[in-house]
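Just below is one structure, and these are the notes that go with it.
Each reported figure results from applying straightforward, stated rules to the coordinates on display, with no laboratory input. What you see is a predicted model, and the numbers here were worked out from it, not measured in a lab. Backbone-built Cβ (ideal geometry, glycine too); neighbour counts: all protein chains shown.
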Amino acid sequence: MVYLDLLLVGFGNVGRQFARLLQEKSVQLRRDYGLSWRVVGIATKRHGSAFDARGLDIVKALRLAEAGTSLDVLTGAESERLLPADASGLDLIKYATSESKLRRLQHLVLVETTLLDIQRGQPAVDHVITALRGGAHVVTANKGPVAFAHREIRSVAELAHREFLFEGAVMDGIPVFNLVRETLPVADITGFRGVVNATTNYILTAMEAGRTFAEALAEMQGAGIAEADPSFDVDGWDAAAKTAALMNVLMHGSATPRTIARTGIREITRDRVEDAMARGKRIRLVAAAERGDGHPVGHVAPEELDADDPLAHLTGMQNLLILQTDVLGSIGIHQLDGGLTQTAYALVSDLAAIARRVGRDSS
Ligand SMILES: NC(=O)c1ccc[n+]([C@@H]2O[C@H](COP(=O)([O-])OP(=O)(O)OC[C@H]3O[C@@H](n4cnc5c(N)ncnc54)[C@H](OP(=O)(O)O)[C@@H]3O)[C@@H](O)[C@H]2O)c1
């Protein structure tokens, strides 16, 4: 049996859905992966933090968070003296990694789901690096670390012999990074082209159906799908962060979201969408990269596509990523259903991969 102690830094839409799905899948994880888990710590920005090395009551934590009440009351008496009530995510990671060493608890996993910071990817990059250096594995749905610091994090993880997995960062739980790593050995990804942001695709196709930009955006915000700051979606930042992440991992790039040429959909009106449709075209926010002078170049912009372009067929929250390879031609990864459960699933599937590795290492 593999025992994983989880540290949840971020307990918002994704963090809470992950906790619910983990409970739902507990029996399967134990039966198929010999994985047993407990949550030992949770950190938020404004809703308190909690730590108990014996395991927190996750049902109670979900209840408190949903009621908007502070999580502090969950902290075990022993940790209370040592962990400040207003502990930040970084404080909790430092505390948990030192506790984990002290008590010889093994297999601590940081589950990082704080918000995307588009300036520098912080504090998520520091969370990830501190956890890896402290001996924890890391899974994240936050694009920041892989979009801003993939190379550095990769080398820290290798030195520490720990996993850094981030399947949820692009296209929720649909395998992109795992698919390439596990099933495309020695294939060279020479470029890609896709629609990778659900909110903007939902808005554009809602406008094709006669609805307004504002109505469609409000729906995505209500469903917890839009980024906390919706301008990240509308102005193309989320797509640029995903483009940088894909370039860094699949094409050995050293991009950041700020090096991606970027135009969002803010200026796209319903009239413009209807005019394109009248000419047999569809407007989609396209993210793409290709090799320039040896190194990859990425860009994000709304494009008028011919009706027979596979990207033109995407409706609602659908995403499609087309990878160009040297040996298999083009491969399409099509996401028909996206949402919070799919993102939470990416974290659960990364956890199962860690359980497999821990099991292998200790056999
Ligand atoms: N929502 C989606 O469908 C989706 C899909 C794929 C990827 N993602 C990514 O997943 C991440 C989380 O998204 P979300 O929708 O769950 O956002 P959210 O609901 O706003 O939750 C973010 C959580 O992070 C906490 N937080 C922020 N800064 C922190 C810090 N410095 N230390 C500790 N905790 C901190 C917040 O604390 P408070 O509760 O106190 O505010 C909150 O609990 C983002 O990076 C997003 O890009 C989201």
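Take every DSSP beta bridge whose two residues both sit in the chain, then give the antiparallel share in percent to the nearest 5.
60
Mind running the shape call on the stretch 186-336? Use the C-alpha gyration tensor, a ≥ b ≥ c as the square roots of the eigenvalues: rounded below 1.5 for a/c, prolate if a/b tops b/c, oblate otherwise.
Verdict is prolate for the stretch 186-336.
For K281, go through the lysines and keep the ones whose alpha-carbon is under 25 Å away, minus same-chain ones fewer than eight residues off.
Output for K281: empty list, no partners.
With point charges of +1 on the Cβ of Lys and Arg and -1 on the Cβ of Asp and Glu, referenced to the Cα centre of the chain, which listed residue (G253, A206, V14) lies farthest in the positive direction of the dipole?
V14
Any idea how far apart D361 and T212 come out in nm if each label point goes 7 Å out from Cα toward Cβ?
The answer from the label model is 5.4 nm.
Would you mind classifying the stretch 81-229 by shape? Square roots of the alpha carbon gyration tensor eigenvalues, ordered a ≥ b ≥ c; an a/c under 1.5 is rounded, otherwise it is prolate if a/b is larger than b/c and oblate if not.
Oblate.
For the chain, just run the numbers: alpha carbon Rg, then divide by 2.2 N^0.38 Å, N being how many residues it has.
After normalising by residue count via 2.2 N^0.38 Å, the value is 1.01.
Quick one: putting +1 on the C-beta of Lys and Arg, -1 on the C-beta of Asp and Glu, what dipole do you get for the stretch 186-336 around its Cα centre, in Debye to the nearest 20?
80
Between T183 and S231, what is the FRET efficiency for a Förster distance of 41 Å, r being their Cβ-Cβ separation, to the nearest 0.05?
With a Förster radius of 41 Å, E is 0.70.
Which percentage, to the nearest 5, of the DSSP beta bridges contained in the stretch 186-336 is antiparallel?
95
Choose one answer from G168, G144, G316: the residue with the largest mean-square fluctuation in a GNM of the chain with alpha-carbon springs under 10 Å.
In this elastic network of the chain, the residue with the biggest mean-square fluctuation among G168, G144, G316 is G316.
Fewest to most neighbouring Cβ within 10 Å: what's the order for S26, S70, S363?
Placing the least packed residue first, the sequence is S363, S26, S70.
With point charges of +1 on the Cβ of Lys and Arg and -1 on the Cβ of Asp and Glu, referenced to the Cα centre of the stretch 86-172, which listed residue (Q119, I93, G168) lies farthest in the positive direction of the dipole?
The one lying farthest along the dipole's positive direction is I93.
When the helix-only estimate is applied to the chain (DSSP H runs of n ≥ 4, each -39,500 (n - 2.57), divided by the residue count), what is the mean residue ellipticity at 222 nm, nearest 500 deg cm²/dmol?
-12500 deg cm²/dmol
Excluding same-chain residues fewer than 8 positions from K60, which lysines have a Cα within less than 24 Å of its Cα?
K25, K45
Compute a Gaussian network model of the chain, connecting alpha carbons closer than 10 Å, and tell me which residue from D233, D293, D350 fluctuates the most.
Looking only at D233, D293, D350, the biggest GNM fluctuation is shown by D293.
Quick check: from the Cα gyration tensor, does the stretch 1-125 come out rounded (a/c under 1.5), prolate or oblate?
Taking the square roots of the gyration eigenvalues as a ≥ b ≥ c, the stretch 1-125 is rounded.
Which of the aspartates and glutamates could be linked to K94 by a straight reach, that is with a Cα gap under 19 Å, when you skip same-chain ones fewer than 8 residues away?
Filter leaves D5, D52, D72, E78, E80, D86, E112, D126, E163.
Considering the chain as a Gaussian network with a 10 Å cut-off on Cα pairs, which listed residue, A288, A352, A147, attains the greatest mean-square fluctuation?
Largest GNM mean-square fluctuation: A352.
Roughly how many nanometres apart are two label points built 7 Å out from the Cα toward the Cβ at H252 and Q119?
Label-label distance for H252 and Q119, simple model: 3.4 nm.
What list of ³J(HN,Hα) values in whole Hz, one per residue of the stretch 48-65 in order, does the Karplus curve 6.51 cos²θ - 1.76 cosθ + 1.60 (θ = phi - 60°) give from phi, with Gly and Pro shown as x?
These are the phi-based 3J(HN,Hα) values: x, 9, 8, 8, 8, 4, 8, x, 8, 7, 6, 5, 5, 4, 5, 4, 4, 5 Hz.
Output wanted: per-residue J couplings in Hz (rounded whole) for the stretch 318-323, from phi through Karplus 6.51 cos²θ - 1.76 cosθ + 1.60, θ = phi - 60°, x for Gly and Pro.
5, 10, 8, 10, 10, 8
Which value, in debye to the nearest 20, describes the size of the charge dipole of the chain about its Cα centre when Lys and Arg Cβ atoms bear +1, Asp and Glu Cβ atoms bear -1, and nothing else is charged?
Computed about the Cα centre, the dipole is about 1080 debye.
Give me the extension gain from A261 to T341: residue separation times 0.36 nm, minus the current Cα-Cα distance, reported in nm with one decimal.
25.7 nm is the gain from fully extending A261 to T341.
Note the angle between two axes, namely the Cα long axis of helix 237-250 and the longest principal axis of the Cα atoms of the chain, as a number of degrees from 0 to 90, rounded to the nearest 10.
80
Hey, can you rank 238-246, 112-120, 132-140, 206-214 by average C-beta count inside 10 Å, highest first?
Packing order, densest peptide first, comes out as 238-246, 132-140, 112-120, 206-214.
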